[in-house]
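Student: Have a look at the structure that comes next, please.
The values are calculated or read from the model by the stated rules, or taken from the named source; none is laboratory data. The model shown is predicted, which means the values in this text are computed figures rather than measured ones. Glycine gets a Cβ as well: all are built from the backbone with ideal geometry, and neighbour counts include every protein chain shown.
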Amino acid sequence: MKTNYKKIAADGVIKSNPTLKLVLGTCPTLALTTMAMNGIGMGAAVTFVLICSNVLVSLLRKVIPSQVRIPAFVLIIATFVTMTRLILDKLLPDLYESLGLYLPLIVVNCIILARAESFASKNGVLASAADGLFMGIGFTLALTVMGAFREILGSGAVFGVKLWDFQIAFFSSSAGAFFTYGIFIALFAFCESLISKKRKIKAYAELCAEKQKSDAQNIDSVAVVSESSSKEDK
Amino acid sequence: MDRLFNNIWFKCITVLLLIAAVSGGILAIFNDVFYVSAEERTQRAIKKIYGEEKEYSVLLDSEAGDTPFLDEKNYGRIDKIYTIDQPDTGEYDMLFNSTGFGGYKNGTITVWVQVRFPADGNITDGEIIKVILESYEKQTLMSKFGESFFSGFYLEDVTERYFAGEHFTSDKNDTSNMTNPVSGATYSANAGCNAVNCVLEYLKTAVGGEE
């Protein structure tokens, strides 16, 4: 069966967005969205782990017995998370410090385990890598946008660049994180329903146009038939 | 033997052991390649303060087994002290890694405090040159802390005033002390002030200011 990469991309970024649609990985989402830069850092780390673990799980899917698949997945994920920690600590120490405790906690991030279990263990290597990449992009985008929103309102800055002195400290707090998350989930659901409504209307309009066309054709054919029968009568 | 190899639990254990062994090997290599030494970590902190790497001597390092300094007034804890000579002027700096207690929800704030002493080595002429935020615990309003908060500690006569009985406080109504409040984050500001007070307390007691 041919892999539909377009569908994988659309699923990862929009239709099954891990943060805003599936509500997975809530812990880092709430804790690290105080700054947009944290969102990018965390998103990049999760994307790397997602791609690598998906590829390895997909490669080993016929070797790992189903009875021990979850411990095996956790072992694989933990290996890549530890690698990410070591690399970040050496090369990007500031980002490593700002991510703090939430970096090792990627091991128990539901997104990674869920993708390993529901996708990578049933699909080929390339498709699994693509799934990891687009799920990671979806997660990164959600975290970055939420981080920018909270940073602008809570600190009057974006990506560390000061915009104004006006600050609403509530958005920097934990309660502000829940509030922001709620707003973004609601906005995402609203946009999604709006788009699906538009699509339904478009599909209905197309259906109506098609029906009208076929009705017109039917009327024409009836007219032709009646005309020819009247000629025969004469 | 065939029965053993075909046993599902034998397969399960073997696969898990193999994955663990390969992971362990890969991580051992990564650990060697990306190892960050204590020296490198210290230079990172020094670079944050000076903008470049400097040679230093260790006076106290709790990570190396030294006992951290805890002041009697319970302001905070000092985990690391380094000294850095200024060869051009003959002055010398002391760098303190100080953790202030009494923050929001009993949390802490850890800062690096750079104190510069004159060439004659008179402790009472020590001056705070820089205070840099290292980390914090449980503080939710750290975004309120701007450069103005940290520069509030840069007083020329800071050691003299401290030795005379004053201390840094976040209470803006307390005019008898050195006030450095942050509006909207009183508890966090208290922990920040305590971190600096702890350094001054160290100078007063451990180095001999009190004598």
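Student: Regarding segment A:197-209, can at least one residue be identified that is free of Cβ contacts under 8 Å to residues at least 24 places away in the same chain, farther than 30 Å from A:N17 by Cβ and assigned to a helix (DSSP H, G or I)?
Tutor: Kept after step one, since they are free of Cβ contacts under 8 Å to residues at least 24 places away in the same chain, are these residues of segment A:197-209: A:197-209.
Imposing the further condition that a residue be farther than 30 Å from A:N17 by Cβ reduces the set to A:208-209.
Within this subset, residues satisfying the condition of being assigned to a helix (DSSP H, G or I) are A:208-209.
Checking segment A:197-209: at least one residue is free of Cβ contacts under 8 Å to residues at least 24 places away in the same chain, farther than 30 Å from A:N17 by Cβ and assigned to a helix (DSSP H, G or I).
Student: Can you pull out the strands (runs of 3 or more DSSP E) entirely within segment B:51-166 that have at least 1 residues that are under 17 Å from the mean Cα position of the chain (by Cα) and surrounded by fewer than 17 Cβ atoms within 10 Å (Cβ to Cβ)?
Tutor: Working: elements: B:57-61, B:76-85, B:92-100, B:109-117, B:127-136.
The qualifying strands (runs of 3 or more DSSP E) are B:57-61, B:76-85, B:127-136.
Student: Only one of A:L99, A:L86 is over 30 Å from B:F5 (Cβ atoms) and out of contact with any Gly (no Cβ under 7 Å at 6 or more places or on another chain); which?
Tutor: Values: A:L99 fails: out of contact with any Gly (no Cβ under 7 Å at 6 or more places or on another chain).
The conditions single out A:L86.
Student: In segment B:167-186, which residues are surrounded by fewer than 20 Cβ atoms within 10 Å (Cβ to Cβ) and within 14 Å of another protein chain (Cβ to nearest Cβ)?
Tutor: B:S183, B:G184, B:T186
Student: Suppose the filter is closer than 30 Å to B:I8 by Cβ and over 19 Å from the mean Cα position of the chain (by Cα); does A:S58 pass it?
Tutor: Numbers: closer than 30 Å to B:I8 by Cβ: yes; over 19 Å from the mean Cα position of the chain (by Cα): yes.
So A:S58 fits the description; yes.
Student: Is segment A:51-62 home to any residue that is outside any helix (DSSP H, G or I), touching a helix residue (DSSP H, G or I) at 6+ places or on another chain (Cβ under 8 Å), without any contact (Cβ under 8 Å) to a residue 40 or more places away in the chain and over 28 Å from B:S37 (Cα atoms)?
Tutor: Yes: segment A:51-62 contains one or more residues that are outside any helix (DSSP H, G or I), touching a helix residue (DSSP H, G or I) at 6+ places or on another chain (Cβ under 8 Å), without any contact (Cβ under 8 Å) to a residue 40 or more places away in the chain and over 28 Å from B:S37 (Cα atoms).
Student: Please go through (1) within 14 Å of another protein chain (Cβ to nearest Cβ); (2) over 30 Å from A:T26 (Cβ atoms) for A:K202 and return the number of the only condition it doesn't satisfy.
Tutor: Every listed condition holds for A:K202 apart from (1).
For every residue, the table says whether it meets (1) without any contact (Cβ under 8 Å) to a residue 24 or more places away in the chain; (2) assigned by TED's automatic domain parsing to the domain that holds B:I49; (3) in contact with a Cys (Cβ under 7 Å, 6 or more places away or on another chain); (4) closer than 17 Å to B:C193 by Cβ.
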position: B:Y82; (1), (2), (3), (4): no, yes, no, no
position: B:Q86; (1), (2), (3), (4): no, yes, no, no
position: B:T99; (1), (2), (3), (4): no, yes, no, yes
position: B:V113; (1), (2), (3), (4): no, yes, no, yes
position: B:N122; (1), (2), (3), (4): yes, yes, no, no
position: B:D125; (1), (2), (3), (4): no, yes, no, no
position: B:I128; (1), (2), (3), (4): no, yes, no, yes
position: B:E134; (1), (2), (3), (4): no, yes, no, yes
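Student: For the list (1) within 14 Å of another protein chain (Cβ to nearest Cβ); (2) touching a Pro at 6+ places or on another chain (Cβ under 6 Å), I need the number of the one condition that B:D32 fails.
Tutor: All conditions pass for B:D32, except number (2).
Student: Tell me, which residue of segment A:100-110 that is touching a helix residue (DSSP H, G or I) at 6+ places or on another chain (Cβ under 6 Å) and assigned to a helix (DSSP H, G or I) is farthest from A:N54 (Cα to Cα)?
Tutor: Of segment A:100-110, the ones touching a helix residue (DSSP H, G or I) at 6+ places or on another chain (Cβ under 6 Å) are A:102-103, A:106-107.
Now restrict to residues that are assigned to a helix (DSSP H, G or I): A:102, A:106-107.
On the way: A:Y102: 21, A:I106: 14, A:V107: 13 Å.
Ranking the qualifying residues of segment A:100-110, first place goes to A:Y102.
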